[in-house]
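The structure appears right after this line, and notes come after that.
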Amino acid sequence: MDETTAIPLDAETKVAERPDDHKTELRLWLRLLTCTTLIENEVRRRLRGAFDITLPRFDLLAQLDRAPDGMTLGELSQRMMVSNGNITGLVDRLVEQELVRRKSSPKDRRVQIVSLTAAGRRTFRAMAHVNADWVGEIFAGLTPRDIEMLMPLLAKTKQSARKAQSNGGAA
């Protein structure tokens with residue numbers, strides 16, 4: 001079979017057989033990155049304009065909203081995939097705004113448990129409702145069928161990325 005009639009290679013085979021030929025995968029990566037950046041920047045802009053809050057603070061409140069008994073700083077750091085130092089700074093600012101509280105763990109006084117205040121829960125839920133509408137607006141150009149088709153493809157993409165991560169990037 002010559003190259004013009006050859007069966008197209010899947011990405012994994014291409015990595016093994018043609019390590020220098022990844023134009024399509026690179027274009028896909030750049031397209032995904034561009035979409036993510038555009039969406040994230042718009043959400044950041046709207047959160048700042050409507051609520052004077054940053055996306056990381058909003059994300060931290062979202063994590064705590066799902067944990068009624070609170071979370072440790074370490075758990076927040078792990079869930080948000082940022083350093084403990086970053087979490088500490090975010091928590092400090094949210095404590096100042098009286099949206100979260102911090103207390104020592106009864107099991108280990110060195111461990112801090114962070115939870116939403118009643119005002120924090122009300123504030124977050126109001127913001128989350130508006131944010132959901134914004135996300136709906138951002139994706140308004142997609143039909144329900146588009147979304148239905150895209151979800152499994154993105155799940156497969158996520159699985160492929162996790163597999164590459166667990167392989168440590170070894171080819």
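The values are calculated or read from the model by the stated rules, or taken from the named source; none is laboratory data. From a predicted model like this one, the values you see are computed outputs, not experimental measurements. Positions of Cβ are backbone-derived with ideal geometry, glycine not excepted, and every protein chain shown enters the neighbour counts.
Criterion applied to GLU75, GLU42 was being assigned to a helix (DSSP H, G or I), surrounded by 15 or more Cβ atoms within 10 Å (Cβ to Cβ) and of a type in the set (Asp, Glu), and the one residue passing it is GLU75.
If you check LYS107, LYS156 for being surrounded by 10 or more Cβ atoms within 10 Å (Cβ to Cβ) and either within 21 Å of the chain's Cα centre (by Cα) or part of a loop (DSSP other than H, G, I, E, B) (or both), only one passes: LYS156. Restricted to region 78-104, and to residues there that are part of a helix (DSSP H, G or I) and modelled with pLDDT under 90, the residue that is surrounded by the most Cβ atoms within 10 Å (Cβ to Cβ) is ASN84.
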